[in-house]
Amino acid sequence: MDLRGDFVIIGSGIAGLRAAIALAAAGDVVILTKAGPAESNTGYAQGGIAAAVGPDDSPELHADDTMKAGDGLCDPDAVRLLVTDGPRYVRELLEWGAAFDRDAAGQSALGREGAHSVRRVLHAHDATGREIARVLWQRVAPSPRIRVLGDALATNVLMRDGACVGAAFVDAAGVAGRVEARATLLATGGAGQVFRETTNPAIATGDGLAIAFRAGARVSDLEFVQFHPTVMQVAAAPRFLLSEALRGEGARLVNEAGEPFMQRYEPAGDLASRDLVSRAMVREAERTGAPVYLSLAHLDPAFVGDRFPTIADACRQAGVDLARDRIPVSPAAHYVMGGVETDADGRTSLPGLFAAGEVACTGVHGANRLASNSLLEGLVFGARAAAAMIGPPVSPTLRASRVEDVPAPNAGASLPDADSVRDLMWRRVGLVRSREGLHDAVRSLTSWWGAVHAAAPDASADRGFHRVSSIVTAGLLIARAALRREESRGGHFRADFPGRDDLHWKLHVADRL
Ligand SMILES: Cc1cc2nc3c(=O)[nH]c(=O)nc-3n(C[C@H](O)[C@H](O)[C@H](O)COP(=O)(O)OP(=O)(O)OC[C@H]3O[C@@H](n4cnc5c(N)ncnc54)[C@H](O)[C@@H]3O)c2cc1C
């Protein structure tokens, strides 16, 4: 199937949908989305969306918290755009009918999450992403200018004379198609599936990252992966995220003896940033030789059930009671801070190719993302990318201080199965990293990348192959970056370089094929 549009968007999460709404005012839009149209990380987001709308809050305070979480690597201009434009876009969602929770006075009820200095998180109980997606779809679905192709897996972007002119895809029946357009937006979301343990759904395999890198775009800051501390670990039950909003409302991490332990490791206790909480949990589990738990038993059960109905239901299905039982938890890969490098308007290093949402590296998160800033980023930068796609071509000003050229691989070992790669990434490139483990990972991943490269991803219609291809490519880029950065900062922790080293490492590094 060959199609033409003015704009093509790959992905139907918050970034892709918000961009589509803006682009439809200027031309015909085609959205390619690889699963059912509603399937995205966005749909699973629980805690909420951060915006400085409270009486005790301000964009400056939100910027301050965002920069502190980012551990010295946020781009201050990008952060300023996020926090000053954020409230406007969130109010727009409310005008479009988003049913966020309200307090007794009828104002938006604001939740608290780790590393936020005030209550700032708008939420729809504990299923905020689903509510935001509902509101966006209500505007996308009836638009005569937006065509949505579900089960359309984008495999590569089309390049002509060094510029991106659209995307190629494979449909549900395995038939190849192309969409030509004057501007292409990658809104493919995250890459949590690159790791064995993750909060992300099956779609999050880093496809956009792999596609952009293969086309020659710059990707940066990929060593920075956020590991969420509290994923439910009940035998035989699916892994399920227990939102940070639970700790925001008073839930505590406890050890086998039932003692709260976070204060012993971090002054901010249970609401320290996610990387600090995750590592403290690992240390406490090592110290006691037993699992750690999340406990809400000291809170009012009626409040717990009312505020967190979706999480309570998932716990019930796993045979535990959220309000009364202590629930075994451990960390899992949650969010990739790095991505396809963009300027403040979503422009990548390739003319005609834009990126927004989790796949992009706008610089707002630096080395670690402040909780609930990612839905906001998708909204604000999805809209900004759309405006730039409509406007005349402009050369981007990109941020990386250093760009490394990655040599094309030699044909390597035979193709791996995805689970071996995910297991290696979890063991060697996970929460605690070291030179030896990272060397080992990069060696294996480079060899697998050779096999993937030799099998020519652009030409294949096999979805299983594309899953492995993306996981290997994204995994290699993350592992290479983690091996290179010989310090610890934000989500990146090196046991052999446990301190932050501003003298050598207060910089961004990009990779390019
Ligand atoms: C369990 C969970 C809870 C979270 N809670 C919060 C929260 O409370 N607050 C917050 O701010 N953030 C939260 N996050 C993070 C946040 O949900 C994501 O960062 C954000 O939704 C990403 O939006 P996006 O539009 O960039 O991508 P996504 O919403 O992931 O959408 C990506 C889209 O691209 C499609 N796609 C991918 N590859 C291809 C391809 N090759 N071809 C075609 N289509 C493709 C996917 O099918 C999907 O439609 C949470 C994440 C998870 C997993």
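Does any residue in region 28-48 that is touching a residue at least 40 places away in the same chain (Cβ under 8 Å) come within less than 7 Å, Cβ to Cβ, of a residue that is among the charged types (D, E, K, R) and near the ligand (Cβ under 6 Å from one of its atoms) six or more places away or on a different chain, and which pairs are these?
Asn41/Glu358
I need the full set of residues from region 401-449 which are over 22 Å from Thr205 (Cα atoms) and in contact with an Asp or Glu (Cβ under 6 Å, 6 or more places away or on another chain), in order please.
Glu404, Ser434, Arg435
For region 293-309, does any single residue satisfy the condition of being within 16 Å of the ligand (Cβ to nearest atom), free of Cβ contacts under 8 Å to residues at least 60 places away in the same chain and surrounded by fewer than 22 Cβ atoms within 10 Å (Cβ to Cβ)?
No; the residues of region 293-309 include none that is within 16 Å of the ligand (Cβ to nearest atom), free of Cβ contacts under 8 Å to residues at least 60 places away in the same chain and surrounded by fewer than 22 Cβ atoms within 10 Å (Cβ to Cβ).
Check Thr230, Thr188, Thr199 and return the single one that is among the β-branched types (Val, Ile, Thr) and within 30 Å of Pro407 (Cα to Cα).
So the residue among Thr230, Thr188, Thr199 that is among the β-branched types (Val, Ile, Thr) and within 30 Å of Pro407 (Cα to Cα) is Thr188.
Conditions (1) in contact (Cβ under 8 Å) with a residue 60 or more places away in the chain; (2) surrounded by 24 or more Cβ atoms within 10 Å (Cβ to Cβ); (3) within 16 Å of the ligand (Cβ to nearest atom), marked per residue:
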residue	(1), (2), (3)
Val234	yes, no, no
Glu244	yes, yes, yes
Gly258	yes, no, no
Tyr265	no, no, no
Leu276	no, no, no
Thr288	no, no, no
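Looking only at region 451-482, which residues are over 13 Å from Asp511 (Cα atoms) and more than 16 Å from the ligand (Cβ to nearest atom)?
Ala451, His453, Ala454, Ala455, Ala456
Any residue at all in region 191-203 that is surrounded by fewer than 24 Cβ atoms within 10 Å (Cβ to Cβ) and farther than 30 Å from Arg512 by Cα?
No: region 191-203 contains no residue that is surrounded by fewer than 24 Cβ atoms within 10 Å (Cβ to Cβ) and farther than 30 Å from Arg512 by Cα.
Report, by residue number, each residue of region 196-229 that is among the aromatic types (Phe, Trp, Tyr) and either more than 25 Å from Glu113 (Cβ to Cβ) or within 12 Å of the ligand (Cβ to nearest atom) (or both).
Residue satisfying the conditions is Phe213 alone.
Determine the pairs where a residue that is touching a residue at least 24 places away in the same chain (Cβ under 8 Å) and over 30 Å from Gly106 (Cβ atoms), located within region 54-81, has a partner that is charged (D, E, K, R) and assigned to a helix (DSSP H, G or I) with Cβ atoms under 8 Å apart, the partner being 6 or more residues away or on another chain.
Gly72/Asp502
Scan (1) part of a strand (DSSP E or B); (2) within 16 Å of the ligand (Cβ to nearest atom) for the single condition Ala133 breaks and write down its number.
That leaves (1) as the condition not met.
Pull up region 136-162, narrow it to residues that are part of a loop (DSSP other than H, G, I, E, B) and without any contact (Cβ under 8 Å) to a residue 12 or more places away in the chain, then point me to the one that is farthest from the ligand (Cβ to nearest atom).
Within region 136-162, the match that is farthest from the ligand (Cβ to nearest atom) is Asp161.
Restricting to region 24-36, name every residue that is more than 7 Å from the ligand (Cβ to nearest atom) and closer than 27 Å to Ala124 by Cα.
Ile31, Gly36
Inside region 176-195, can you point out the residues that are within 8 Å of the ligand (Cβ to nearest atom) and closer than 19 Å to Ile31 by Cα?
Ala187, Thr188, Gly189, Gly190 - these are the residues of region 176-195 that are within 8 Å of the ligand (Cβ to nearest atom) and closer than 19 Å to Ile31 by Cα.
So which residues in region 416-438 are exposed (fewer than 13 other Cβ atoms within 10 Å of the Cβ) and part of a loop (DSSP other than H, G, I, E, B), if there are any at all?
Of everything in region 416-438, just one residue is exposed (fewer than 13 other Cβ atoms within 10 Å of the Cβ) and part of a loop (DSSP other than H, G, I, E, B), namely Asp417.
Residue under question is Ala318, and the condition is that it be in contact with a helix residue (DSSP H, G or I) (Cβ under 7 Å, 6 or more places away or on another chain) and small (Gly, Ala, Ser); does it hold?
Here the answer is no, as Ala318 does not meet what is asked.
What's the total number of residues in region 41-73 that are assigned to a helix (DSSP H, G or I), of a type in the set (D, E, K, R) and more than 16 Å from the ligand (Cβ to nearest atom)?
Counting residues in region 41-73 that are assigned to a helix (DSSP H, G or I), of a type in the set (D, E, K, R) and more than 16 Å from the ligand (Cβ to nearest atom) gives 3.
From the list Ala413, Ala386, Ala408, Ala441, exactly one residue is free of Cβ contacts under 8 Å to residues at least 60 places away in the same chain, out of contact with any Lys or Arg (no Cβ under 7 Å at 6 or more places or on another chain) and either of a type outside the set (Phe, Trp, Tyr) or part of a helix (DSSP H, G or I) (or both). Which is it?
Ala413 is the lone residue from the list that is free of Cβ contacts under 8 Å to residues at least 60 places away in the same chain, out of contact with any Lys or Arg (no Cβ under 7 Å at 6 or more places or on another chain) and either of a type outside the set (Phe, Trp, Tyr) or part of a helix (DSSP H, G or I) (or both).
Look through Val79, Val83, Val121, Val90 and report the one residue that is β-branched (Val, Ile, Thr) and under 20 Å from Ala272 (Cα atoms).
Matching residue, one of Val79, Val83, Val121, Val90: Val121.
Within region 159-192, track down each residue that is under 30 Å from Val429 (Cα atoms) and touching a helix residue (DSSP H, G or I) at 6+ places or on another chain (Cβ under 7 Å).
Leu185, Leu186, Ala187, Thr188, Gly189, Gly190, Ala191, listed by residue number.
Within region 486-504, is even one residue of a type outside the set (Asp, Glu), surrounded by 22 or more Cβ atoms within 10 Å (Cβ to Cβ) and part of a helix (DSSP H, G or I)?
Looking through region 486-504, none of the residues is of a type outside the set (Asp, Glu), surrounded by 22 or more Cβ atoms within 10 Å (Cβ to Cβ) and part of a helix (DSSP H, G or I).
Report, by residue number, each residue of region 333-385 that is more than 24 Å from Lys68 (Cα to Cα), among the aliphatic types (A, V, I, L, M) and within 13 Å of the ligand (Cβ to nearest atom).
Listed by number, the residues that qualify are Ala355, Ala383, Ala385.
Going by what's in this entry, would Ala173 be described as hydrophobic (A, V, I, L, M, F, W, C), surrounded by fewer than 17 Cβ atoms within 10 Å (Cβ to Cβ) and either away from the ligand (no atom under 16 Å from the Cβ) or not assigned by TED's automatic domain parsing to the domain that holds Ala481 (or both)?
Here the answer is yes, as Ala173 does meet what is asked.
The values are calculated or read from the model by the stated rules, or taken from the named source; none is laboratory data. Everything numeric in this text was worked out from a predicted model, so none of it was measured. No Cβ is skipped: glycine too gets one built from the backbone with ideal geometry, and neighbour counts run over all protein chains shown.
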